[in-house]
Amino acid sequence: MPLIALLPGDGIGPEVIAEAVRVLDAAGCALDFQQAAVGGAAYRESGHPLPETTLDLARRADAILFGAVGDPACDTLERRLRPEQAILGLRRELALFANLRPAKLFAELADASALRPEVAAEIDLVIVRELNGDVYFGEKGMRTTPAGRRQGYDVMAYDEDEVARIARVGFETAMARGRTLCSVDKANVLETSQLWRDVVTEIASEYPQVALSHMYVDNAAMQLVRNPGQFDVIVTGNLFGDILSDQASMCAGSIGMLPSASLDSAGKGLYEPIHGSAPDIAGQGKANPLATILSAAMMLRYSLGRAEEADRIEAAVAAALAGGARTPDLGGTLSTSQMGDAVIEALA
Ligand code: IPM
Ligand code: MG
């Protein structure tokens with residue numbers, strides 16, 4: 001039986017993970033779940049957001065199902081002890097460099113999108129976000145300027161091998177879809193982005209069937225709301241991908257809907273909703289569990305080779321939505337577990 005590391009984390013993480021596990025069980029997926037603490041929850045238990053035992057479980061597991069980390073009560077800790085370091089540490093330690101964030105509008109949710117329904121209806125894209133480099137992992141710190149003023153700094157850097165490997169994931173993803181790839185950068189200002197653009201262009205020669213275009217990130221942000229239907233696959237760096245994927249989620253109805261997969265070069269993956277821990281609604285049963293349920297479906301598809309079970313769960317989510325199931329973020333009144341129930345009923 002495949003070993004699944006369950007890392008619920010903080011805020012709404014435990015609530016949404018619980019629903020994903022219920023759905024996986026109801027779908028008859030025989031999986032061996034082992035749970036471990038992560039984020040602020042782990043810090044409170046053991047003094048570190050990513051304890052060695054948690055990292056060890058993640059290493060041993062066939063796949064990782066992750067909730068969310070982030071806790072305002074931890075925001076004053078020194079950075080290495082903050083909850084966010086847990087997810088950043090997992091991405092780094094397990095070399096999960098390729099983050100796939102699909103954004104597709106469920107037809108039933110056109111009214112929940114921040115865009116006009118006819119514009120929103122066109123959204124069907126995947127953001128391929130680099131996850132191991134960029135300003136996230138460059139040298140950073142606080143220092144004093146010669147004038148005695150405090151200065152924070154974070155170095156943005158990519159080397160050509162890092163760009164080449166994520167570019168290939170972008171091209172491969174495009175090959176499996178509409179064969180159109182848009183690389184997003186800020187090459188008009190940043191050297192990091194100039195190298196990015198040069199390397200993506202070089203790799204393009206390996207994929208003559210894919211139509212490659214380049215777009216500056218500010219324009220991409222604008223185009224995502226103006227005409228999201230123009231995008232098939234977007235490949236971009238860590239920081240730009242973080243921002244654009246939140247934006248894409250709202251175009252597709254709700255941030256409570258978007259799943260993600262973070263993969264290493266062998267296809268091992270960590271699966272998580274792209275929303276955060278949402279401390280403002282934690283413990284109230286208001287969270288939408290669908291992004292996590294859809295992340296579990298991605299896990300079945302990408303890491304466990306069980307495409308049929310993934311299809312069934314995705315179809316059950318669509319059927320639940322078609323039947324009118326809505327959590328508050330989608331304009332409805334269902335609780336987190338009632339939404340889980342709706343998906344489980346649709347599976348039957
Ligand atoms: C995400 C989150 C994380 C990120 C945070 C929690 C560190 O926003 O997965 O998009 O910035 O990558
Ligand atoms: Mg984010």
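Listed here are the residues, each with its yes/no results for (1) within 16 Å of ligand 2 (Cβ to nearest atom); (2) among the hydrophobic types (A, V, I, L, M, F, W, C); (3) at pLDDT below 95.
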position: 66; (1), (2), (3): yes, yes, no
position: 69; (1), (2), (3): yes, yes, no
position: 81; (1), (2), (3): no, yes, no
position: 86; (1), (2), (3): yes, yes, no
position: 90; (1), (2), (3): yes, yes, no
position: 96; (1), (2), (3): yes, yes, no
position: 100; (1), (2), (3): yes, yes, no
position: 106; (1), (2), (3): no, yes, yes
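Looking only at the stretch 61-100, how many residues end up being part of a helix (DSSP H, G or I) and more than 11 Å from ligand 1 (Cβ to nearest atom)? First the steps, then the outcome.
Of the residues in the stretch 61-100, the ones part of a helix (DSSP H, G or I) are 72-74, 79-81, 84-93.
Now drop any that are not more than 11 Å from ligand 1 (Cβ to nearest atom), which leaves 72-74, 79-81, 92-93.
Final tally of qualifying residues: 8.
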**Prompt:** Restricting the search to the stretch 190-210, which residues are closer than 16 Å to residue 176 by Cβ and either surrounded by 13 or more Cβ atoms within 10 Å (Cβ to Cβ) or in contact with a helix residue (DSSP H, G or I) (Cβ under 6 Å, 6 or more places away or on another chain) (or both)?
**Reply:** 207, 210
**Asked** Only one of (1) more than 25 Å from residue 281 (Cα to Cα); (2) in a helix (DSSP H, G or I) fails for residue 109. Which number is that?
**Response** (1)
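Table: residues versus (1) touching a Gly at 6+ places or on another chain (Cβ under 9 Å); (2) assigned to a helix (DSSP H, G or I); (3) within 16 Å of ligand 1 (Cβ to nearest atom).
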{"position": "119", "(1), (2), (3)": "yes, yes, no"}
{"position": "125", "(1), (2), (3)": "yes, no, no"}
{"position": "143", "(1), (2), (3)": "yes, no, no"}
{"position": "157", "(1), (2), (3)": "yes, no, no"}
{"position": "188", "(1), (2), (3)": "no, no, no"}
{"position": "202", "(1), (2), (3)": "no, yes, no"}
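The values are calculated or read from the model by the stated rules, or taken from the named source; none is laboratory data. In this text, all values refer to a predicted model and were calculated from it rather than measured experimentally. Backbone-built Cβ (ideal geometry, glycine too); neighbour counts: all protein chains shown.
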